[in-house]
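To start, the structure itself, in structure tokens.
The values are calculated or read from the model by the stated rules, or taken from the named source; none is laboratory data. Note that this is a predicted model, so its numbers are computed, not measured. Backbone-built Cβ (ideal geometry, glycine too); neighbour counts: all protein chains shown.
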Protein chains: 2
Amino acid sequence: MRTVRVGLIGLGTVGSGVVEILSRHRADFVTRAGVDVEITRFADRSEERFAALGLPADACTTDAADVIADPDVDIVIELIGGTGVARGVVLDALAAGKSVVTANKALMASHGREVMDAADTHGVDIMFEAAVGGGIPIIGPLKHSLVSNEITAVYGIVNGTTNYMLTRMAENGLSYGAALAEAQERGFAEADPTADVDGLDAAAKIAILSSIAFNSRVTFPQVPVEGIRSLAPEDIAYAFEMGYVIKLMAIARRVEGGIDVRVHPTMIREDHPLASVSGVYNAIYVVGDSVGETMFFGEGAGSLPAASAVVGDVIEVARHIQSGCLALVGCTCHEELAVRDVGELVTEYYVRLLVADEPGVLAAVASVFGNHGVSIASVIQKRTTDVGAEIVYVTHRASERSVRAALDEIEALEVVDSVGSIIRVEEL
Amino acid sequence: MRTVRVGLIGLGTVGSGVVEILSRHRADFVTRAGVDVEITRFADRSEERFAALGLPADACTTDAADVIADPDVDIVIELIGGTGVARGVVLDALAAGKSVVTANKALMASHGREVMDAADTHGVDIMFEAAVGGGIPIIGPLKHSLVSNEITAVYGIVNGTTNYMLTRMAENGLSYGAALAEAQERGFAEADPTADVDGLDAAAKIAILSSIAFNSRVTFPQVPVEGIRSLAPEDIAYAFEMGYVIKLMAIARRVEGGIDVRVHPTMIREDHPLASVSGVYNAIYVVGDSVGETMFFGEGAGSLPAASAVVGDVIEVARHIQSGCLALVGCTCHEELAVRDVGELVTEYYVRLLVADEPGVLAAVASVFGNHGVSIASVIQKRTTDVGAEIVYVTHRASERSVRAALDEIEALEVVDSVGSIIRVEEL
């Protein structure tokens, strides 16, 4: 058995987890998986990390190019992140005939085709299980066990930060601000939480999942995104009252004429398996034409869970190297499906209006909804505040375009103060 | 691209699903997975099934040996079930150099080593994703994405029939008998429900899962089993009152000195993700040293879900055949861990006693528990019936041996009528 040599680029949170797992389990992997894997080169911009991880100095470099140029390295692990330096590193490694394992969702969501094509050209593997759902096996199952299915939908809770915040807001009544502050304090949110709370992280992940599930490339800029910043505690309370929970959902569905893909706060029935996914946990719900409904649940972030996925990929590639069968499963995007405009979406809508507390409001609003063909499933009028009343509508299935048009008109009504919120309701 | 030829043996529920998927998606698999797979031979004892499925007569045979002897067949799918004929068919197919895909849990749980060794000897693949959890990807993830983990525990709800019955008993107050009758009426239970309600089906599945998770062979006869026949509605009601649900759990844990494996009704906290797995759904909860807690959820039975897993395996083997890398991952049982006696188990216990409604009972029972070192976490005494009273105890963690010994003595007390039930409480 020959030792498969790995060059690790990026020694941050996930990188240090990879070092830990491979040093703890190297001998186990020989017996358990039949491969001997050793990290022989380490690269990071910060030299301090080499010492902190107790790495041999002569194996360390601050220049990623040294790792790629090392003829002994079989596999390059890219854990730099982002689409700048990382893109060059990955493409250079592939061009040098190394297989690549990455956790880089941004790279795969924006430059997936380029990277997959390069791997194909050079006859090597590119694997990225850790890019979505941390340690949860989801890319492997989609490309292997579930490959016999035409996947019809993927619904993901794929951002642990926002799921933690929404759980605290729903279960403990925290405001958005308090939930964010707590998430930051506990290390679940960055100082600049934009990528999480604005849904960008989730959008990159659903772009990757859609591409695999529907065999058609979807990129990050194609995903309409709405984050959780404007979610009000009252919306969460009304949702609860009506038997729903609000989750930041990453949704991808196969629809007439293409793919419906989006990220936004979503009301789902409280008895749906996704509704009980709480705290920093992630879950991906996959519907296939043969398998029916399946769900994959686990820790979506953290050093060891993500490193678990990275090392799983490394062992897989090492098996391929050992058996001489690299590039067994490359890019699977063989179709060209259009990403549908979100205006075409047809679903139910939750709408909260702030209105004048006077007669005729309900009639006026109902008439506008009616004119736009939006029919109402239920109305709750309950709270009267100093400034007026609050009315909550849930519509029957209607098109996004009609609902938006109706709400523009409704907002202009004399008796209406403002549209407090619009939340899509998904019947999974 | 050469066509990979498949011989399908057994045209029952799952077999007809395999025929359906491969005829519906053959062209998709060429573009999506890069393999062209065709079933060229069909075998079944009943000729009527050939016509019912509209199969070409010259491709059909009532003798499985014809399929194995066919030099054009690359992959044999064995869907006969059981350990008699099926064992011979699988071993003969492997000896003839065919890779085998099977859904046969009994075979893999009782003769797994023999079958895996034969595949290894002949340099072909044996795959069996459908043997556990129907369409849920679980064997693939354990052997691939999660391979970097030392798995510490597997908790499975792996029998849909009993989970359906327990759901109906808990949510709708049905008796065991009524729940069974309904399950039979709806096609979820066989006329002879033994394999399901006595936990044998679950035991075979956890034997397979333990073998993979702990890299050490566990066989069906090694799994202590207790089914759900004696579960009383009162136990379900008491569990609910205390914040638990009762599930038939298949459990496998890595413990000091070996493997703790067993199947029995189990009380788990109502807020655990497994607690909300209801109806015929299955779920497998896997804990790994790096990944933490993960769960795989989906339909555990049914024609198409199981066929989804079978065809997934077939496509995987076809990829291997096409790339000349069969037998990439063979048997992974490289250790020899002992299966621990269930008497060594240390957990919490729920005990329901039927006692005389007179003073001194609590003291007498408490004294016996105390003598055996079993300490009590909570006591409920509530119902008084014509014949006496009912007392429910939940113990602190104690050894099975001590609890059983204490209960033998308690049952012999003059003031105690009988031990109504003993249910293990698992803190996941």
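Any residue in segment A:192-212 that is farther than 19 Å from A:M169 by Cα and within 14 Å of chain B (Cβ to nearest Cβ)? Spell out how you get there, then give the answer.
To start, the set of residues in segment A:192-212 that are farther than 19 Å from A:M169 by Cα comprises A:192, A:195, A:200-212.
Filter once more, so that each one left must be within 14 Å of chain B (Cβ to nearest Cβ): A:211-212.
Yes: one or more hits.
Exactly one residue out of A:D201, A:D120 is modelled with pLDDT of 95 or more and under 12 Å from the mean Cα position of the chain (by Cα), and it is A:D201. Within segment B:290-312, being in contact with a His (Cβ under 9 Å, 6 or more places away or on another chain) and more than 8 Å from every other protein chain (Cβ to nearest Cβ) holds for no residue.
Here's the yes/no breakdown for (1) at the interface with chain B (Cβ under 10 Å from one of its Cβ atoms); (2) surrounded by fewer than 21 Cβ atoms within 10 Å (Cβ to Cβ):
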site: A:V314; (1), (2): yes, no
site: A:Q322; (1), (2): yes, yes
site: A:V329; (1), (2): yes, yes
site: A:L337; (1), (2): no, yes
site: A:Y350; (1), (2): no, no
site: A:L353; (1), (2): no, no
site: A:G360; (1), (2): no, yes
site: A:G373; (1), (2): no, yes
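Of all residues in segment B:9-21, none are closer than 24 Å to A:F214 by Cα, at pLDDT below 95 and within 14 Å of chain A (Cβ to nearest Cβ). Annotation: A:A51 fulfils all but one of (1) assigned to a helix (DSSP H, G or I); (2) under 28 Å from the mean Cα position of the chain (by Cα); the unmet one is (2).
Candidates in segment A:268-289 are the residues that are within 10 Å of chain B (Cβ to nearest Cβ), of a type in the set (G, A, S) and within 17 Å of the chain's Cα centre (by Cα); of these, the one that is farthest from B:E20 (Cα to Cα) is A:S278.
Considering A:A232, A:A191, the condition of being surrounded by fewer than 24 Cβ atoms within 10 Å (Cβ to Cβ), farther than 16 Å from A:R262 by Cβ and in contact with a Ser or Thr (Cβ under 7 Å, 6 or more places away or on another chain) is satisfied by A:A232 alone.
In segment B:398-418, the residues that are over 13 Å from B:L354 (Cβ atoms) and free of Cβ contacts under 8 Å to residues at least 60 places away in the same chain form Cβ pairs under 7 Å with partners that are of a type in the set (V, I, T) and part of a helix (DSSP H, G or I), at six or more places apart or across chains, as follows: B:E400/B:V342; B:A406/B:V368; B:E409/B:V368. Checked against the criterion of being polar (S, T, N, Q) and in the same structural domain as B:E316 (by TED's automatic domain parsing), segment B:118-137 contains one or more residues that satisfy it. Would you call A:D92 of a type in the set (D, E, K, R), surrounded by fewer than 22 Cβ atoms within 10 Å (Cβ to Cβ) and within 13 Å of another protein chain (Cβ to nearest Cβ)? Spelling it out, it is not the case that A:D92 is of a type in the set (D, E, K, R), surrounded by fewer than 22 Cβ atoms within 10 Å (Cβ to Cβ) and within 13 Å of another protein chain (Cβ to nearest Cβ).
Got a sec? Which of A:N159, A:N163 is farther than 30 Å from B:T31 by Cα, within 14 Å of chain B (Cβ to nearest Cβ) and either of a type in the set (G, A, S) or touching a Lys or Arg at 6+ places or on another chain (Cβ under 8 Å) (or both)?
Numbers: A:N159 fails: within 14 Å of chain B (Cβ to nearest Cβ).
None of the other options fit; the residue is A:N163.
Beta carbons closer than 7 Å, at least 6 apart along the sequence or on distinct chains, pair a first residue in segment B:208-223 that is under 19 Å from B:G133 (Cβ atoms) with a second that is basic (K, R) and outside any helix (DSSP H, G or I) for B:S211/B:R217; B:F214/B:R254; B:V223/B:R262. Return the residues of segment A:239-269 that are among the acidic types (D, E) and modelled with pLDDT under 95; say none if nothing qualifies. Residues satisfying the conditions are A:E241, A:E256.
Residue under question is B:V392, and the condition is that it be free of Cβ contacts under 8 Å to residues at least 24 places away in the same chain and touching a helix residue (DSSP H, G or I) at 6+ places or on another chain (Cβ under 9 Å); does it hold? No, not satisfied. Looking at segment B:72-147, the helices (runs of 4 or more DSSP H) lying wholly inside it that each contain 3 or more residues that are more than 20 Å from B:A43 (Cβ to Cβ) sit at B:105-122, B:139-143. Quick one: would you say B:S308 is closer than 26 Å to A:A130 by Cα, hydroxyl-bearing (S, T, Y) and part of a helix (DSSP H, G or I)? Spelling it out, B:S308 is indeed closer than 26 Å to A:A130 by Cα, hydroxyl-bearing (S, T, Y) and part of a helix (DSSP H, G or I). Only residues that are touching a residue at least 60 places away in the same chain (Cβ under 8 Å) and at the interface with chain A (Cβ under 8 Å from one of its Cβ atoms) were counted in segment B:140-152, giving 7.
Within segment B:26-46, the residues that satisfy the criterion of being more than 30 Å from the chain's Cα centre (by Cα), within 25 Å of B:A96 (Cα to Cα) and either surrounded by fewer than 21 Cβ atoms within 10 Å (Cβ to Cβ) or free of Cβ contacts under 8 Å to residues at least 24 places away in the same chain (or both) are B:D36, B:E38, B:T40.
In segment A:54-65, the residues that are assigned to a loop (DSSP other than H, G, I, E, B) form Cβ pairs under 8 Å with partners that are of a type outside the set (S, T, N, Q), at six or more places apart or across chains, as follows: A:L55/A:V19; A:L55/A:F42; A:T62/A:A43; A:T62/A:D44; A:T62/A:R45; A:T62/A:E47; A:D63/A:A43.
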